[in-house]
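Accompanying notes for the structure given below.
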Amino acid sequence: MEYVYTSNSQEDTLSFAKQFAEKLNKDDVIILSGELGSGKTKFVEGILSYFNLENQISSPTFTIVNQYDAENFPIYHFDVYRLKNISEFYELGGDEYFGNGLCLIEWGEMIEEALPEKYIEISFEKSDVNVRTIKICYRGVDR
């Protein structure tokens, strides 16, 4: 299943991400792909905002993963952009997070072979200064 949404502003992206987050659960793995500045982190902010974690948001760019404690389960926010290869992800125990909390993985296409069988892929494409096309593909996930 595939869904396409056009965002016309950062506020639009935040709002859409909050709506999207309503259907998420502890076992979901979401990869976010797209060029720098395409809206991946803003989308994560929207998801975290849905879980009332907007005051705790920080980019995991230098730490690879940040953990947020939502009311019902942990949320793990990865940024794997700086990893040199897939083995670094395994060495960090990255795959051990799957199933233990909601996983949001920026640049997730870089670790595709480590992903579980079921995941949600969200790609972002800039078409104007503020306009983004957000495409959601459910890989083995029933929604």
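Values in this text are rule-based calculations from the coordinates and carry no lab data. In this text, all values refer to a predicted model and were calculated from it rather than measured experimentally. Cβ sites come from the backbone with ideal geometry, for glycine too, and all protein chains shown count toward neighbours.
Some observations on this one:
- When region 96-143 is limited to residues that are over 19 Å from D79 (Cα atoms) and small (G, A, S), the one that is farthest from the chain's Cα centre (by Cα) turns out to be S127.
- Of all residues in region 120-143, exactly one satisfies the criterion of being closer than 18 Å to L24 by Cβ, touching a Gly at 6+ places or on another chain (Cβ under 7 Å) and either without any contact (Cβ under 8 Å) to a residue 40 or more places away in the chain or of a type outside the set (A, V, I, L, M, F, W, C) (or both), namely S123.
- Yes/no for D95 being closer than 27 Å to M1 by Cα, free of Cβ contacts under 8 Å to residues at least 40 places away in the same chain and touching a Ser or Thr at 6+ places or on another chain (Cβ under 7 Å): no
- Tally of residues being buried (at least 19 other Cβ atoms within 10 Å of the Cβ) and under 20 Å from N130 (Cα atoms) across region 21-37: 3
- Of the residues making up region 29-51, those that are under 20 Å from A70 (Cβ atoms) and either in contact with a Phe, Trp or Tyr (Cβ under 8 Å, 6 or more places away or on another chain) or not basic (K, R) (or both) number 15.
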